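The values are calculated or read from the model by the stated rules, or taken from the named source; none is laboratory data. Note that the structure is a prediction, hence the values are computed from the model and not measured. Methodologically, a virtual Cβ is constructed for each residue, glycine included, from the backbone with ideal geometry; neighbour enumeration extends over all protein chains shown. Surface areas here come from the heavy atoms of the whole protein model, side chains and all, with no ligands, DNA or RNA. Shrake-Rupley method; radii C 1.70, N 1.55, O 1.52, S 1.80 Å.
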Amino acid sequence: VAILPAPQNLSVQSTNMKHLLMWSPVIVPGEIIYYFVEYQGEYESLYMSHIWIPSSWCSPTEGPECDITDDVTATVPYNLRVRATVGAQTSAWSTLQHPFNRNSTVLTPPVMEVTKDGFHLVIKLEDLGPQFEFLVAYWRREPGAKEHVKVVKSRGIPVHLGTMEPGAAYCVKVRTFVKAIGRHSPFSQAECVKVQGETLPLTL
Amino acid sequence: QEFQFGPCRVEGVVLQELWEAFSAMKDIQAKDNITSVRLLRKEVLQNVSDAESCYLIRALLKFYLTTVFKNYLDKAADSRIRKSFSTLANNFFVIVSKLQPSQENEMFSISESARRRFLLFQRAFKQLDIQAAQTKAFGEVDILLTWMEKFYQF
Amino acid sequence: LCISGGLPQPTNITFLSINMRNILQWSPPEGLQGAEVTYTVQYFIYGQKKWLNKSECRNINRTCCDLSLETSDYEHQYYAKVKAIWERNCSKWAETGRFYPFLETQIGPPRVALTTDEKSISIVLTAPEKWKRNPEDSSISMQQIYSNLKYNVSIYNTKSNRTWSQYVTNHTLVLSWLEPDTLYCVRVESFVPGPPRLAQPSDKQCVHTLKDQASALKVKI
């Protein structure tokens, strides 16, 4: 009986604290392959190396990838391993060559929507999850204008930034800060809005 | 978003994650039948000075890592508990690895005071059967996190 | 004395806690509709030795019991239990899980006072108060218990149909440069960072900014 090969080419792709473990699929013609993923944090590997914990979403899974975001919940190196099964057959474990630490995640500038409500500058930021805070910089578009900075923690809802003066244009840029790993994303492109001028009362 | 235990500063741990981990396994408290014993009682955690806090938190978390959590996982079959366990253990591990309390002589009386508090906790733990004690200490992580939160800068 | 276990237990026994007002509540035992069932409550402080009686909740008809006084030290943890009694039979005790007021109480909304002029609304917030036994007792603000208490103020412009929100830590907020003669609605929710806590938003309060005197003058001219 042919021994089921272990999955190969394990790697982790991590962007904005979403971590995806991937591997090359095991092919057995006519069969559906299931995969089991397990993880081990630094504590387990140091104090209880025999202990592996089944992944939250991939015990088992069909596709050659696994979202391990809910499993990696500390900023320490994690060992990860995968094995394939079909019927009663189970492959050997294949372990990620280098432990994964979430502080290596790629941080991208967040998506934002800048609007105004009368003279009020309002921003809505994408919901990237509880790990994220947003550092919002906004300024009046004129030479030498002072840049105001605000830390915004609300996600997915319009947040008041500041009050604008009639007839002026204001610009906004934002970057994320991830407290768990102490890192920032690059700033987004600036977006600007113009405020309608206020109709001045007739001077007699 | 960091802990400031007196002079000891710890970044990279999100208290929210620890709370979520504990909330997911709160029903472990139902397995603690010895309700007449509270390990983290007021004499252990009340009125701890900032200077003392670094010594005390280090002693408590090291004990959790080496005695409470260790070997517990073998018995915790429930994957929800294993997952919460791993989150707490690895984050406690990060905190302990970043705590460097001062070893200077003039801090001796403060570190001694922290040690006496810790011994109250440890003695109560050792008076119980090991598995009952581990279950109780695990169930009291909400008391521990509530105290730690006093030293957390949101 | 009654025959224990002769009745089914009360069910759904939990604490309902808002601003440290801690009410034990439960559902009647199944299958006893119409019977004149009464209940007796006891409570226990975690780490202490004995179950304690709550005299005002002995042989009561209602299915709730106010244990706010007995559980007022919010740094302690508690258990409570209730049993059903009918004629000479009584149920086994039905017990709560471990109740930790500091973590589990819901933070009520602040009191919200709004005043307006043509283009601004000033919002004055008063922190919710901890439960107190007598109205004349001195008040303790929930802010004194939760020093990092904040407020999420959300403002809805009924004319532009837009909503935006703002987190504030102090108790006054002035929204300036608003549109005159416009109805704005405000809702405020208390928020304490840390463990997941239920929060109750305030009732929606709406207020009209005044007519713009300058426009009125223009119209006259």
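As a length-normalised measure over Cα pairs under 8 Å and 6 or more apart, the relative contact order of the stretch C:98-221 settles at 33 percent. Net charge in the neighbourhood of B:C8 (other residues with Cβ under 10 Å of its Cβ; Lys, Arg +1, Asp, Glu -1) is +2. Short-range pairs are left out: with C-alpha atoms under 8 Å and at least six residues apart, the relative contact order of the stretch C:3-103 is 37 percent.
Of all aspartates and glutamates in the structure, the ones whose alpha carbon falls short of 13 Å from that of B:K136, not counting any fewer than 8 places away in one chain, are B:D27, B:D32. Going from the isolated chain to the complete set of protein chains, the stretch A:158-188 loses at least 50 Å² of heavy-atom accessible area (1.4 Å probe) at A:H160, A:K179. Please report the net charge: other residues with Cβ closer than 13 Å to the Cβ of C:P110, K and R +1, D and E -1. Around C:P110, the surrounding residues sum to 0.
What FRET efficiency comes out for C:W86 versus C:W51 if R0 is 30 angstrom and r is the Cβ-Cβ distance? Round to the nearest 0.05. Efficiency at R0 = 30 Å is approximately 0.85. For chain C, relative contact order (Cα pairs under 8 Å, six or more residues apart, normalised by length) works out to 19 percent.
Treating r as the C-beta distance of B:N33 and B:S79 and R0 as 30 Å, the FRET efficiency rounds to 0.80. Counted by Cβ distance under 15 Å from C:P29, the other residues give a net charge of 0, where Lys and Arg count +1 and Asp and Glu count -1. Result for chain A in a Gaussian network model with C-alpha springs under 10 Å: among A:A180, A:A92, A:A145, the largest mean-square fluctuation is at A:A145. Its Cα gyration tensor gives chain B an equivalent ellipsoid. The semi-axes, each the square root of 5 times an eigenvalue, are 25, 19, 13 Å from largest down.
By the helix-only formula, in which each DSSP H run with n ≥ 4 contributes -39500 (n - 2.57) and the sum is divided by residues, chain C has a 222 nm mean residue ellipticity of -1500 deg cm²/dmol.
About the centre of its Cα atoms, the stretch B:2-153 shows a dipole size close to 480 debye [charges on the beta carbon of Lys, Arg (+1) and Asp, Glu (-1) only; nearest 20 debye]. The calculated 222 nm mean residue ellipticity attributable to helices in chain A amounts to -500 deg cm²/dmol, summing -39500 (n - 2.57) over DSSP H runs of n ≥ 4 and dividing by all residues.
Could you tell me which of rounded, prolate or oblate describes chain C, using a ≥ b ≥ c as the square roots of the eigenvalues of the alpha-carbon gyration tensor, with rounded for a/c under 1.5 and, failing that, prolate when a/b is larger than b/c and oblate otherwise? Prolate, since a/c reaches 1.5 and a/b exceeds b/c.
Carbon-plus-sulfur accessible fraction, the stretch B:2-153 (probe radius 1.4 Å, protein heavy atoms only): 49%. Dipole orientation for chain C: of the candidates C:T126, C:G194, C:L183, C:G194 has the Cα lying most toward the positive pole (charges on Cβ; Lys, Arg +1; Asp, Glu -1). Residues of the stretch A:35-51 that lose at least 50 Å² of accessible area (1.4 Å probe, protein heavy atoms only) when the other protein chains are present, relative to their chain alone, are A:Y43, A:Y47, A:M48. Calculated mean residue ellipticity, 222 nm, chain B: -18000 deg cm²/dmol, from DSSP H runs (n ≥ 4) at -39500 (n - 2.57) each, averaged per residue and rounded to 500. Using a 1.4 angstrom probe on protein heavy atoms only, which residues from the stretch A:65-80 are buried by at least 40 Å² of accessible area when all chains are present rather than their own chain alone? Checking the loss per residue gives A:T73. Between the Cα long axis of helix B:108-126 and the first principal axis of chain B there is an angle of about 10°, rounded to the nearest 10.
Using Cβ point charges alone (K and R +1, D and E -1), the dipole size of chain A about the Cα centre works out to roughly 640 debye. Surface analysis of the protein assembly as shown yields an accessible area of 47 Å² per residue, using protein heavy atoms and a 1.4 Å probe. For chain A, a Gaussian network of Cα nodes joined below 10 Å ranks A:K146, A:K179, A:K124 by mean-square fluctuation, and the top entry is A:K146.
Per the Debye formula on identical point scatterers at the alpha carbon atoms of the stretch B:15-86, with no solvent, log10 I(q)/I(0) at q = 0.19 Å⁻¹ is -1.04. Phi-derived couplings, Karplus 6.51 cos²θ - 1.76 cosθ + 1.60 at θ = phi - 60°, listed residue by residue for the stretch C:99-110: 10, 10, x, 4, 8, 9, 5, 7, 8, x, x, x Hz, with x used for Gly and Pro. For the stretch C:3-103, with all protein chains in place and a probe radius of 1.4 Å, 47% of the accessible heavy-atom surface sits on carbon or sulfur. In this structure, the pairs whose alpha-carbon distance is over 26 Å, taken from A:K124/B:K83; A:K116/A:K146; B:K126/C:K92, are A:K124/B:K83; B:K126/C:K92. How large a share of the accessible area of the stretch C:107-215, in percent, is made up of carbon and sulfur atoms when the probe is 1.4 Å and the other protein chains stay in place? The nonpolar share, carbon plus sulfur, comes to 50 percent. For the protein assembly as shown, the dipole from Cβ point charges (+1 on Lys and Arg, -1 on Asp and Glu) about the Cα centre works out to 660 debye, to the nearest 20. Between rounded, prolate and oblate, where does the protein assembly as shown land on the alpha carbon gyration tensor, with a ≥ b ≥ c its root eigenvalues, rounded for a/c under 1.5, else prolate if a/b exceeds b/c? Verdict is oblate for the protein assembly as shown.
Using a 1.4 Å probe over protein heavy atoms, the accessible area lost on pairing B with A, summed over both chains, comes to approximately 2100 Å². Panel note: the C-alpha atoms of the stretch C:3-103, placed on their principal axes, show extents of 39, 27, 21 Å (largest first). The B-C contact accounts for approximately 1800 Å² of buried accessible area, totalled over both chains at a 1.4 Å probe radius.
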